[in-house]
Amino acid sequence: MTVQDRHVPIDKPSGKIEDLGMSRNAAPLLPGPRRERILAIVEQHGFAKVADLSKFFGVSEVTIRTDLDALARTRVVQRVHGGAVSGLRSRALERPFEKSMLTAVDEKKRIGRAASGLVKSYQAVMIDVGTTTTAVARSIASREDLSDVVIITNALNIALVFERAIPRFTVIVTGGTLRPEQHSLVDPLADMLFERMQADIAFVGCTGIDLEVGITNANVPEADMKRRMLQAAHRGVVVADSQKIGMTQLSRVAGLDEIDTLITGSDADPERLERIRNTGLEVLTA
């Protein structure tokens with residue numbers, strides 16, 4: 001979500017639909033993009049009514065209540081009678097891929113090496129978008145002992161990482177709508193592949209890991225893709241640098257009980273990691 005997306009006027013909820021890039025006759029937004037813009041409205045104005053949002057987006061009040069409940073579960077808004085107020089907690093704007101690449105560089109390399117050690121020849125491996133998952137991809141691609149590995153990804157840059165390693169690796173790209181901020185492919189169409197495939201392991205990134213809320217992400221469409229990857233793999237592995245531990249972001253991906261392994265940096269808060277381990281989740285540090 002860009003800064004421009006966040007500053008959306010709602011002075012007249014039944015009008016100015018064009019400010020959201022919509023016309024009155026346009027089809028309603030999908031849940032992910034709509035919730036991002038609802039959040040922008042709530043954060044800018046501090047409060048938004050269900051009735052106003054319903055008119056603004058051209059959907060039912062029941063749909064808006066469902067959207068607000070979903071946002072409230074990740075604590076970025078608080079539900080109140082008739083609407084929602086801002087509940088911002090530790091949330092950051094989505095950073096472009098190139099800027100994220102400049103942070104925690106050595107830590108991400110270590111995480112990448114630790115994650116790649118879980119991969120074996122003849123496996124099918126799903127790799128999510130992101131800078132930490134890119135480090136995982138680079139480490140896997142550099143392993144000359146691996147052969148006949150199928151890579152499934154929705155990240156264009158990760159597909160290119162494996163291009164030089166073909167034919168030892170077979171690379172499958174999901175297709176879908178391109179998000180240039182992360183070089184990622186999302187719905188529509190991106191989900192069709194996951195209905196037909198099962199992977200041995202999925203490496204998924206995120207922008208927040210919280211003991212209570214679970215795995216979260218700043219971008220809703222990408223969170224949907226992460227969720228599907230985890231559901232389509234026998235083993236779900238979340239990779240995240242230590243700065244993500246304790247953070248909560250816009251969209252919930254999965255609970256801690258829905259993944260198998262967390263790989264993070266050795267700089268992560270040891271008390272937080274211990275509480276996460278106490279849930280039964282395998283936690284590896286690199």
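The values are calculated or read from the model by the stated rules, or taken from the named source; none is laboratory data. Nothing here was measured: the structure is a model prediction, and the numbers come from that model. So basically every Cβ, Gly included, is an ideal-geometry build from the backbone, and we count neighbours across all protein chains shown.
Residues in segment 256-286 that are in contact with a Gly (Cβ under 6 Å, 6 or more places away or on another chain) and modelled with pLDDT under 95: Arg272 only.
For segment 246-272, a residue qualifies if it is among the hydrophobic types (A, V, I, L, M, F, W, C) and either more than 22 Å from Val105 (Cα to Cα) or surrounded by 22 or more Cβ atoms within 10 Å (Cβ to Cβ) (or both), and the qualifying residues are Leu250, Val253, Ala254, Leu256, Ile259, Leu262, Ile263, Ala268. Remark: pairs (first residue in segment 148-167, free of Cβ contacts under 8 Å to residues at least 40 places away in the same chain; second residue outside any strand (DSSP E or B) and hydrophobic (A, V, I, L, M, F, W, C); Cβ separation under 6 Å; 6+ apart in sequence or on different chains) = Ile151/Phe162; Thr153/Ala159; Ala155/Val129; Ile158/Ala137; Val161/Ala137; Val161/Ala141; Phe162/Ala141; Ala165/Ala141.
Screening Pro167 against (1) within 22 Å of the chain's Cα centre (by Cα); (2) assigned to a loop (DSSP other than H, G, I, E, B) leaves a single unmet condition, (1).
Listed here are the strands (runs of 3 or more DSSP E) enclosed by segment 208-286 that have at least 3 residues being of a type outside the set (Asp, Glu) and out of contact with any helix residue (DSSP H, G or I) (no Cβ under 6 Å at 6 or more places or on another chain): 233-239. When Val105, Val80, Val150 are screened for being under 29 Å from Val220 (Cβ atoms), surrounded by fewer than 20 Cβ atoms within 10 Å (Cβ to Cβ), modelled with pLDDT under 95 and not assigned by TED's automatic domain parsing to the domain that holds Val42, only Val105 passes. Of everything listed in (1) in a loop (DSSP other than H, G, I, E, B); (2) without any contact (Cβ under 8 Å) to a residue 40 or more places away in the chain, the single unmet condition for Leu178 is (1).
The condition of being modelled with pLDDT under 95, of a type in the set (Gly, Ala, Ser) and surrounded by 22 or more Cβ atoms within 10 Å (Cβ to Cβ) holds for only one of Gly208, Gly112, that being Gly208.
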